[in-house]
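Coordinate-derived values only; no laboratory data. The structure presented is a predicted model; accordingly, all values stated were derived computationally and were not measured. Positions of Cβ are generated from backbone atoms using ideal geometry, with glycine treated the same way; all protein chains shown enter the neighbour counts.
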């Protein structure tokens, strides 16, 4: 019988553990709907989920339910030749759904433990309720026996990490315009999660490997297993176990366990800095003083004469100087310690005709959660943004809890 593993009392996941997980995500009724599915047929299970979500005004479940046999056929028995990636909780395979001939990405979650089940529940929920051009689409899922499998639209150009940080010898480096296009789309995806989703959603794992690219290098955020519902009403933050990817995690979240949308903005700043510099956030192959990207960039932000030293050498100088300065200003503001600075979601806007996108380098800021008009950066520069600023050194040991989980 295909059902959620955590619904059955005789299985390893206890109801007590499940209740704890549900409580953690601040929307007990919705997640409980997913957690209590135990029906004989796929159609009855799907009807139950859809009805529960309709009752609380959230929307409809549009994802298909696949059998393990369907996905085994789609991936040719999960053949290693079809393996296209490995994440913190499982492997991703390229597949073709036989009935529709649709090319998909099939993510098989780790069956050993509760984490995979929790990620599965959250991802099915989030991607069934959230829809935006810059979020990856969930095609369907499988919960046969102990299998937990997610099926997504296939993104032909892989991840941003593939093109920026793990560039194959036969691939051309991303040009400046494409980098800014990717940053814009990713920022719009975050803006949707923070401002349009109700309740707001904190992504919590924004990094280069989670930004997927379609055939035109339009970005889509993927992997919502760590996402959390954000604070509502008078609450300013959500207190939670520290989870995420080391280097991308906001220092204040790592130190206190207090999660806000500002944590995503910090992570966006790190990825944007990776786009500008072509450097990894943590690179142990570099000299010790250059291994941490943010620490390396901090003193350079204060000296305009060194801004060009921060540009990716693979760009070979092919970028607008004004654009570089303003892009660095955006990154610097995201990484600032002051709370007001991290309330910004930064949307890169276009100037001129579409054939000359981003060439002028003009950037605008949209303030999220603040009732003001977009503010042009004008002559704002990184050394102004980071004047007298320091970045706290955060190590895996120096977190809010010793049980912090880094991916």
The simple spin-label model distance between residue 100 and residue 170, using points 7 Å out along Cα→Cβ, in nm, is 3.0
Packing-ranked peptide list from 325-332, 155-162, highest mean Cβ count within 10 angstrom first, is 325-332, 155-162
Placing each pseudo-label 7 Å from Cα in the direction of the beta carbon, residue 286 and residue 214 end up separated by a distance in nanometres of 3.3
Projected area averaged over all directions for the convex hull of the alpha carbon atoms of the range 283-334, nm², comes out at 4.0
The residues 106, 271, sorted from fewest to most surrounding Cβ atoms within 10 Å, come out as 271, 106
Label model pair residue 112, residue 146: point-to-point distance (7 angstrom along the Cα→beta-carbon line) in nm is 1.1
Most packed first (mean Cβ within 10 Å per residue), the peptides 295-305, 63-73 order as 63-73, 295-305
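If we sort 308-315, 139-146, 187-194 on the protection proxy, mean other Cβ atoms within 10 Å, highest first, what's the order?
Details: 308-315: 15.0, 139-146: 19.8, 187-194: 22.5.
Descending mean neighbour count gives 187-194, 139-146, 308-315.
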